[in-house]
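These notes concern the structure reproduced below.
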Amino acid sequence: MKLRHVFDPRNNALNAWRLVLATGVIAWHSFPLTGRHVPFGAGHQFLSQVFVDGFFAISGFLITSSWLKNPRLRQYSVARGLRIFPGLWVCVAVTAFVIAPLSVAIQGGSVAKLMLSGEPLRYVLNNGLLNFLYAGIAGTPRHVPFPGAWNGSIWTLLPELFCYVAVAAFGMSGLLRHRWLLLALTALMLVCSVLVTPWTRFIEIWTPAWIGTRFALMFLAGALLQQYQDVIPARWSLVAASAGLVVMSTWLPNYRVLGALPLAYAIIVSGALLRDRRLRLRNDVSYGVYIYAFPTQQLLIVCGLGVLPPLLFFPVAALATLPLAALSWFLIEKHAISLKSRFLPRRAPELDPSTASATDG
């Protein structure tokens, strides 16, 4: 069977996969936020990169499909914006006006001084407009292993947004209809990955070229599977082989040189093949988990839980994040997604709800 024949937009496990990936990011952050290090390079690369890369692969698959099914710029832009920004704006406001002041109070500082400084508002305005270089709030969080940063996850929303813009640009030009384009772009990004690869497993070179190549390649890997789904076989044996190749490729300085396409295949095809009703998550809390986990972990460390080993701190942080993620979905994100019909012409076709709820990294 080909991927086209087994993928059902209304019955798949991609939202479940996104929740797994978001939880994996919590596992990774549990090491640097508690002041620990993953002891070997392959494990470090797997934990620090594979989970976020998986988000981009899923987005590449779903966003490309969304545009091709409904190639209208206004509808596309509204759907993307409503999925990302309302949840983000509330998250940065909660961080600035609740979590950061609470951390100051716990550490015996002056909450009034913090609030009167104007720093919480500046944090909201900057991060709400995707200026993620404004990471801290008046120096908080303080006295933690990773000080001065309240959310080390949401910066990836900016390259995600760039990928959305690229899809719209190629779509408006008509180039996205030609499958050779994505094949050529993927090959180009693979070459670029080789050229910008760090020469050590232990040091990541955080340059715009490295970041751009990384996320563009993973987004393209998912988009490529979407475009060639009529010829790509969907088999569990190939999913297992792809997963094994991803693990083995983490011993390379840049696992994506060999592992980008296998990672996209393993996630997307397994998501298509899994038809268990329990994995068909209509309530997608993965975005909330992703954006609330880092500030929640920092607050837990301020409370003294950073003494726990990372593998014990991780489940505590995941459980503490889940209520915030659920509130974000049920009170903010779900309602924001439903608003898209108010901005669109009445006769415009509805975007697939499973696509609309699974579009961010």
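The values are calculated or read from the model by the stated rules, or taken from the named source; none is laboratory data. Fair warning: this is a prediction, and the values are worked out from it, not measured in the lab. Every residue, glycine among them, receives a Cβ derived from its backbone with ideal geometry; neighbour counts consider all protein chains shown. Surface accessibility is based on the protein's heavy atoms, side chains included, excluding ligands, DNA and RNA. Shrake-Rupley method; radii C 1.70, N 1.55, O 1.52, S 1.80 Å.
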Out of the helices (runs of 4 or more DSSP H) lying entirely within region 1-118, which hold 1 or more residues that are within 19 Å of SER153 (Cβ to Cβ) and of a type in the set (Gly, Ala, Ser)?
14-29, 51-69, 73-94, 100-106
Residue by residue through region 167-178, note down the ones that are open to solvent by less than 40 Å² (accessible area, probe 1.4 Å) and outside any loop (DSSP other than H, G, I, E, B).
VAL167, ALA168, GLY171, LEU176
Which ones in region 46-60 are aliphatic (A, V, I, L, M) and open to solvent by less than 20 Å² (accessible area, probe 1.4 Å)?
VAL50, VAL52, ALA57, ILE58
Residues being open to solvent by 40 Å² or more (accessible area, probe 1.4 Å) and either outside any helix (DSSP H, G or I) or in contact with a Pro (Cβ under 7 Å, 6 or more places away or on another chain) (or both) - total across region 273-296
7
Does GLY43 qualify as being in contact with an Asp or Glu (Cβ under 8 Å, 6 or more places away or on another chain) and either open to solvent by less than 20 Å² (accessible area, probe 1.4 Å) or under 24 Å from LEU245 (Cα atoms) (or both)?
no
Selection count where residues are within 25 Å of PHE215 (Cα to Cα), open to solvent by less than 50 Å² (accessible area, probe 1.4 Å) and assigned to a loop (DSSP other than H, G, I, E, B), scope region 137-162:
5
Do we find that ALA216 is part of a helix (DSSP H, G or I), in contact with a Cys (Cβ under 8 Å, 6 or more places away or on another chain), farther than 30 Å from LEU273 by Cα and open to solvent by 20 Å² or more (accessible area, probe 1.4 Å) in this structure?
no
Need pairs with beta-carbon distance below 8 Å; first residue free of Cβ contacts under 8 Å to residues at least 24 places away in the same chain and within region 124-135, second open to solvent by 60 Å² or more (accessible area, probe 1.4 Å) and in a helix (DSSP H, G or I); sequence gap 6+ or separate chains.
TYR134/ARG122
Filtering region 1-23 down to residues that are open to solvent by less than 30 Å² (accessible area, probe 1.4 Å) and farther than 24 Å from SER237 by Cα yields ALA22
